[in-house]
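Here's the structure we're looking at; comments come further down.
Read-outs: derived from the displayed coordinates by stated rules, not from any lab. Keep in mind it's a predicted model, so treat the numbers as computed, not measured. Note that each Cβ is placed from the backbone with ideal geometry, even for glycine, and that neighbours are counted across all protein chains shown.
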Amino acid sequence: MDASIALVAIWPFAAALLAPWVHRFAKPFGGWVLALVPGGIFLFLLTLIDPVLATGSVSARIAWVPAYDLDLSFFVDGLSLIFALTISGIGTLVVLYAGAYLKGHPHLGRFFGFLLAFMGAMLGLVLADNMLALFMFWELTSVTSFLLIGFDHTRMAARRGAIQALVITNIGGMALLVGVLLVHQMTGVWDLSASGDEVRGTALYGSVLGCFLLAAFTKSAQVPFHFWLPNAMEAPTPVSAFLHSATMVQAGVYLLARTMPWLGGTAAWTWILVCFGGATLIWGALGALRQTDLKQMLAQTTIASLGLSVLLLGLGSTYAVSAVVIYFVAHALYKAALFMVVGAVDHEAGTRDVTVLSGLADRMPVTFIGAALASLAMIGLPLTLGYYAKEEMYLGLLAWRWDDIVVLAVLVAGNATLAGVAMLVMVKPFLGPTLPTPKALHEAPIAMLAGPIILGAAGIVAAVMPDWLGQTVLQPGASAILATPVESHLSLTINPANPLIWLSVLTWVLGLLVYRKMATLRTLLRRLETGLGWTADTVFDALMFGLIGFSAAVTRFLHHGKLEIYLVTVFAALALALIVPMALLGGYAVLLPTSDLGNWSAKLAWPQLTIYEWGVVALALVGLVAVVLAPSRLIAIVALGIQGAAVALIFLLFGAPDLAFTQFMVEVLSVVILALVMTRLRLDERDHRELEDLARDGMLALVCGVGVSLLLMVVLSGDLDTRLSELFIATSVPIAHGANIVNVILVDYRGFDTLGEISVVMGAGMAITALLRRRKAVA
Amino acid sequence: MDYVLAALVGCFIAAGIYLLLSRSVIRMLLGLVVFGNGVNLLIFTAGRLTRAAAPIVPAGLNQPDGPVANPLPQALILTAIVIGFAVFSFLLVLAFRAYQTLDADNTDTMRVAEPVDEPNPPLSY
């Protein structure tokens with residue numbers, strides 16, 4: 001059992017790598033072959049139902065970083081199993097569907113790869129127990145979603161949608177990471193299943209809650225982060241059916257449900273979730289009414305459904321949570337089916353505009369059946385899963401307190417609008433008089449019909465077996481969310497005495513009303529939208545472009561292109577680094593006279609230098625002054641030679657003949673080359689500087705010079721660790737067989753240094769050759 | 001005598017930095033050489049000055065028969081001198097070629113890589 005659960009998440013990634021080749025070799029049947037991967041996973045997950053029902057959960061654990069006690073742990077309970085089954089089941093049909101939908105597309109192989117990689121990330125996300133793994137899979141879903149939305153990357157709208165989705169969901173991803181780390185700090189464990197009640201009691205509960213909610217709200221497109229989801233509809237329809245209705249956007253809902261046992265139940269949780277969820281529900285419902293594009297319409301209803309789920313999780317009662325579980329399954333089934341239907345219509349008729357589609361049922365009867373099955377579930381008629389979901393959510397609110405009534409009104413309004421949209425999607429394109437379509441109409445291929453029919457039928461079949469549904473879906477799912485056993489009470493019987501049924505009827509009647517008045521509502525809402533003038537989209541664009549402009553301004557401020565200022569910055573930093581730490585940490589104390597002054601005359605004694613040593617120092621100073629003040633370049637070059645020679649003499653005087661020799665050679669060469677080059681150039685003779693430049697440069701140079709001098713004096717007043725030098729001196733002859741210790745160090749003890757030095761010389765030589773030779777070629 | 005050398009090192013560094021801050025490329029080159037010499041002397045002085053013998057073992061002996069100068073900084077400086085010379089030669093040729101191509105040795109007029117009026121990045125996706 002252990003490794004196989006991990007394999008569920010890993011297999012799709014392996015398949016993703018192979019997908020392009022599989023597609024190439026199995027050309028027309030690539031989709032059928034690749035659908036075996038999620039199909040196999042689905043079948044494997046089915047075998048987990050019994051153990052999960054029996055014991056509550058199954059877990060697996062693989063040592064990840066044993067040094068840090070980090071395990072890659074997976075955990076299957078009712079909640080994750082429902083999600084995983086939905087993902088792999090719908091995934092199978094989507095892969096099949098994609099093969100037909102994108103038939104002949106030059107990048108179909110790549111598309112399969114992205115799709116399978118996404119599936120792996122999503123399965124990993126719902127099965128992961130380790131919170132770091134959860135975060136990793138969470139981000140992987142964002143990245144793969146980015147690739148899928150931007151699949152049609154030659155269109156700007158697709159690129160924009162992809163970037164928008166990535167930016168918004170990654171904000172949440174970062175928040176999730178922070179939240180995870182905070183939880184780990186508090187509890188000391190990495191496993192979700194082990195995190196406990198102590199989180200709720202700590203002072204940081206607010207921060208943790210905020211992080212997790214931000215993650216969930218961005219992923220699940222809650223107001224005010226909702227706007228990326230409609231733009232993600234730029235993706236090919238199979239992607240919309242899979243990611244942006246049934247699976248990825250539900251990851252936020254999953255996260256909330258998963259963390260509810262130890263984050264939920266507080267007033268903050270309830271209020272935030274109910275308010276944001278309710279706002280999202282209404283916003284999405286109104287958004288759906290505004291659209292004429294069928295796909296956009298469905299996208300907006302998805303936002304509404306996500307809001308509904310979040311609202312229900314906020315309520316947190318047994319009924320509400322049961323409703324979430326049923327609603328998740330029902331929604332995944334009907335929404336994926338509807339997206340596939342819309343994709344098929346678009347594919348065969350050439351348009352998705354609901355106002356020009358009519359009477360397709362004659363030519364696309366099977367597609368119509370799929371659409372009808374899914375729409376009935378979306379309306380929530382009896383004998384569909386949607387019905388149970390609606391009943392459950394109303395059931396928890398029949399206490400008739402004022403806040404319950406408000407929530408109930410929001411739910412009824414939202415559900416009614418969704419029902420109205422569902423009626424429109426089912427009736428308008430398929431029934432009525434036949435209108436001409438851009439493409440010659442015919443039925444969709446079987447691979448595209450399998451999805452809507454199977455998913456639509458599944459929504460009905462599951463609904464006619466309420467006992468089975470209650471025991472294998474509702475109970476384990478709701479129990480996992482609430483962390484207490486939940487009894488199912490689903491039943492097919494309809495009791496007219498119960499106010500519940502009348503709420504459902506009210507919903508349907510209102511839905512019908514919305515359907516009838518759709519055109520009027522649409523005009524009204526669009527007028528409102530144009531009246532408002534701006535949308536979340538325009539705000540996002542303004543922010544993104546503002547960011548680009550800001551980064552351009554920062555770049556221009558830092559990269560102004562004036563070499564002189566760059567160098568001033570560098571040397572100012574050098575001056576600060578030399579002086580400030582030493583001054584602050586009292587490094588200069590050793591240079592100051594002690595308070596009793598001691599034998600001060602000895603300290604102030606004239607330095608013990610011989611007369612020729614003084615001469616060399618004076619020579620160096622003369623050379624330096626002359627270089628700086630030189631009125632002409634020849635004097636500057638000669639002066640450069642003087643200071644170089646003085647350095648060589650210093651080396652010679654203090655026991656370093658090798659250095660002196662090298663320095664002499666280098667100085668002579670430098671002077672000769674410089675003289676050769678400089679006399680060939682007609683350069684400014686003098687070093688012109690404005691007075692303020694002069695002051696600035698002089699100050700900087702002076703401060704740096706003084707800083708280095710002081711630093712060196714402090715160093716000299718300390719002890720020198722000569723162990724290394726003594727080792728070299730002692731062993732030079734016995735083990736390295738060289739009498740010149742400096743040479744032995746260079747070629748033996750530190751031979752690699754010398755190798756590096758030679759490489760630098762060689763590189764410089766090659767660069768010089770290239771620079772000089774290119775000139776000849778051009779000339 | 002150490003402090004005299006320390007002061008001299010400061011003079012080298014100051015002169016080098018002053019020249020490096022010039023806008024004339026050739027002066028910057030001179031500054032680089034002076035600065036490099038200053039740093040070499042810095043290492044040399046930090047390794048302690050001594051008027052003792054050079055670190056060479058007399059023939060027939062296994063170790064020097066008296067105190068010798070510290071050989072480690074000398075080895076480091078020897079490497080530094082050679083590398084400094086290689087870099088100096090390269091920069092000289094680079095400056096020479098830049099002068100030939102751009103007809104300028106003033107850094108203010110060398111703006112090919114970072115032009116004065118750089119266009120804004122495109123505001124689009």
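How would you rank A:216-223, A:369-376, A:729-736, highest first, on the average number of other Cβ atoms within 10 Å across their residues?
Per-residue mean Cβ counts within 10 Å order the peptides as A:216-223, A:369-376, A:729-736.
Quantify how strongly other chains surround peptide A:611-623 by giving the mean number of their Cβ atoms within 10 Å of each of its Cβ atoms.
Shielding by partners across A:611-623 averages 2.
Work out the charge dipole of segment A:303-516 with +1 on the Cβ of Lys and Arg and -1 on the Cβ of Asp and Glu about the Cα centre, then indicate which of A:THR351, A:LEU510, A:LEU482 is farthest towards its positive end.
A:THR351
Given a cut-off of under 8 Å on Cα pairs at least six residues apart, what relative contact order in percent is computed for chain A?
Relative contact order comes out at 9 percent.
Sticking with the crude label model, points 7 Å out along Cα→Cβ, report the distance from A:ALA730 to A:ALA536 in nm, one decimal please.
So the two model labels end up 7.5 nm from each other.
For a protection proxy built on the mean count of beta-carbon atoms within 10 angstrom, sort A:88-95, A:64-71, A:264-271, A:156-163 highest first, please.
Answer by packing, highest mean first, reads A:88-95, A:156-163, A:264-271, A:64-71.
Run the helix sum for chain A: -39,500 (n - 2.57) per DSSP H stretch of 4+ residues, divided by residue count, reported at 222 nm to the nearest 500 deg cm²/dmol.
The helix contribution divided over chain A gives -24000 deg cm²/dmol.
How many partner chain Cβ atoms sit within 10 Å of a residue's Cβ in peptide B:94-106, on average, as a whole number?
3
If all Cα-Cα distances of chain A are sorted into 10 Å bins from 0 onward, what percent lands in each bin, rounded to whole numbers?
P(r) for chain A, in whole percents per bin: 2, 11, 18, 17, 11, 7, 9, 10, 8, 5, 1, 0.
State whether segment A:610-687 is rounded, prolate or oblate according to the following rule on the C-alpha gyration tensor (a ≥ b ≥ c being the square roots of its eigenvalues): a/c under 1.5 gives rounded; otherwise a/b larger than b/c gives prolate, and the remaining case gives oblate.
Verdict is oblate for segment A:610-687.
Gap in Å between the Cα centre of segment B:35-86 and the Cα centre of segment A:1-64?
For segment A:1-64 versus segment B:35-86, the Cα centre distance is 68 Å.
Does anyone have the angle between helix A:36-47 and the longest principal axis of chain A? Alpha-carbon axes, 0 to 90°, nearest 10?
The answer is roughly 70 degrees.
Treating only the Cβ atoms of Lys and Arg (+1) and Asp and Glu (-1) as charged, compute the dipole magnitude of segment A:610-687 about its Cα centre; round to the nearest 20 debye.
So the magnitude is around 260 debye.
In what order do A:VAL425, A:VAL324, A:VAL677, A:VAL505 fall by count of nearby beta-carbon atoms within 10 Å, going from fewest to most?
So the ranking, lowest neighbour count to highest, is A:VAL505, A:VAL677, A:VAL425, A:VAL324.
With the contact rule set at Cα under 8 Å and sequence spacing of 6 or more, what percent relative contact order holds for segment B:17-118?
Contact order relative to length: 30 percent.
Which one of B:ALA53, B:SER22, B:PHE96 is farthest out on the positive end of the charge dipole of chain B, using unit charges on Cβ (Lys, Arg +1; Asp, Glu -1) and the Cα centre as origin?
My answer, from the dipole projection, is B:ALA53.
Order these peptides, A:741-747, A:480-486, A:539-545, by their mean beta-carbon neighbour count within 10 angstrom, highest first.
Final packing ranking: A:741-747, A:480-486, A:539-545.
When Lys and Arg each count +1 and Asp and Glu each count -1, what net charge do the other residues less than 15 Å away from A:HIS153, Cβ to Cβ, add up to?
After counting each charged neighbour, the total is +2.
Which one, A:VAL310, A:VAL223, A:ILE673, projects farthest toward the positive side of the charge dipole computed for chain A from Cβ point charges (K/R +1, D/E -1)?
So the residue furthest toward the plus end is A:VAL223.
Charges at C-beta only: +1 for Lys and Arg, -1 for Asp and Glu. How large is the resulting dipole of segment A:303-516 about its Cα centre, in Debye rounded to 20?
Charge dipole, segment A:303-516, about its Cα centre: 340 debye, nearest 20.
At a 10 Å Cβ-Cβ cut-off, how would you order A:ILE41, A:ILE579, fewest neighbours first?
A:ILE579, A:ILE41
Within chain A, how many Lys pairs sit with Cα atoms under 29 Å apart, leaving out pairs fewer than 8 places apart on the same chain?
Counting lysine pairs in chain A gives 23.
For chain A, what is the charge dipole size about the Cα centre, in debye to the nearest 20, if Lys and Arg each add +1 at the Cβ and Asp and Glu each add -1 at the Cβ?
2700
Shielding of A:743-756 by partners, i.e. mean partner chain Cβ atoms within 10 Å per residue?
3
Please arrange A:MET119, A:MET297 by how many other C-beta atoms lie within 10 Å of their C-beta, fewest to most.
Lowest to highest Cβ neighbour count: A:MET297, A:MET119.
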